[in-house]
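Below: the structure, in C-alpha cells.
The values are calculated or read from the model by the stated rules, or taken from the named source; none is laboratory data. Remember, it's a predicted structure, so these values are computed and weren't measured experimentally. Cβ atoms come from the backbone with ideal geometry, glycine included; neighbour counts cover every protein chain shown. Side chains included, ligands, DNA and RNA excluded: accessible areas come from the protein's heavy atoms. Shrake-Rupley method; radii C 1.70, N 1.55, O 1.52, S 1.80 Å.
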Amino acid sequence: MNPTELLDSSIESDEDKIRKSYDHEDLKTFLAKSSIKDYFPRALQISDCNQLLTYLQATLSRYDWADFDLEEMLDLYILAIMMMTYEQDNFMVIDKRFTLLDTVSNLGSILYPDQIEFIANGLYQKFVQGVGAKRLENFLNMQAAFPRLMLSSGSGSDVGQALLLTILSRYTKVPARLQARNAFEMAKLVNWQQLANSDQYHDMFILMRSFFLVINMWINRYEFLESDLGAVMRTYFLTVCKVLCKKTDIESDFAMTLERFIALCVVRAARIQ
C-alpha cells in the first residue's frame, strides 16, 4: 500500500470512529412514520440484514414507478440509504445493498427537476439538517450511498447531485443550480477561516465532502475537461488548506483528518488531466 492509500484509509478509519450504523430499531422507527410502511409489513419482524434486504428487494420487484407517489419515492430513497449502513460490518451483503439502491433509482427514472428537488430537500431534512456530532453521523451514513448513486442508471445520480448542491446551497444561501461550476462558486462563498477559528470542523467536513463528491461525478467531468476549472479549484483549495495549517491549536484527530482530506482528496481531484 502506497503512502496515499495509507492516508486515505486513515481518513476512512476516522470516519468509522464517528459513524454509528443503523440498526433494526432505527428502521422500525422510520417505517412506522413513513408513507411506505404498508408495503413492507414483514420488515418489522425481520432483523437479519441478509434476510431483510432479500425481503425488501423481492417486495419492490413487484412494482414499477407508476405505483408510487413522490412522497413514497422519497421514503424509498431514505430506506435504501439506511440499508447501506444497516449492520455495516456485514460485507457479505454489499451486492444486495447496491441492488436495492439501484432498484429505487430506477423506479424513479422518470422524475422532473422539481420532483428531484423535492426528494433532495427531503433527504437533506432526514440526513443533514441539524447540528453537532449527530448531524455528522447522519451525513456519514448517508454518504455511504453516494458511490453507487453516482453510477445509477435511473434518477439516483440526479438526486445525489441535487442533494449535494442543496447542502452547499443551504449554507451559502445561494440557489442550487445543477452545475458543477455553481458548486465551486458556492464553495468560494464559505468563510473557511471563520469556521476554523470557531472549531466548526463538522460543518467544514460536510461542506468539503459534499463539494468533493460533486466534482467526482462523471456527469461533471466534461465541464472540467473543457475549461481551466480544475486548475483554479486546485489553487483555491490549497489556500483553504493553508488556513487550517496556520491555526496553531489544531490538535484533534478530526481537524487533522480534514486537513488531509483537503490536501489528498479535493486538491488531487481538482487536478484534471
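Within the stretch 141-163, count every residue that is within 18 Å of residue 114 (Cβ to Cβ) and buried (at least 22 other Cβ atoms within 10 Å of the Cβ).
Our first condition is that a residue be within 18 Å of residue 114 (Cβ to Cβ); within the stretch 141-163, this holds for 154-163.
Filter again for buried (at least 22 other Cβ atoms within 10 Å of the Cβ), leaving 155-156, 158-163.
The qualifying residues number 8.
Quick check on the stretch 97-114: of everything there that is hydrophobic (A, V, I, L, M, F, W, C) and in a loop (DSSP other than H, G, I, E, B), which residue is surrounded by the most Cβ atoms within 10 Å (Cβ to Cβ)?
Restricting attention to the stretch 97-114, the residues satisfying the condition of being hydrophobic (A, V, I, L, M, F, W, C) are 98, 100-101, 104, 107, 110-111.
Those left that are additionally in a loop (DSSP other than H, G, I, E, B): 110-111.
Details: 110: 11, 111: 21.
Looking at the filtered set, the residue picked out is 111.
Only residues that are among the aliphatic types (A, V, I, L, M), open to solvent by 20 Å² or more (accessible area, probe 1.4 Å) and in a helix (DSSP H, G or I): list them for the stretch 115-140, please.
The initial filter retains those residues of the stretch 115-140 that are among the aliphatic types (A, V, I, L, M), namely 116, 119-120, 123, 128, 131, 133, 136, 140.
Pick out the ones that are also open to solvent by 20 Å² or more (accessible area, probe 1.4 Å) and you get 131, 133.
Within the stretch 115-140, just 133 meets the criteria.
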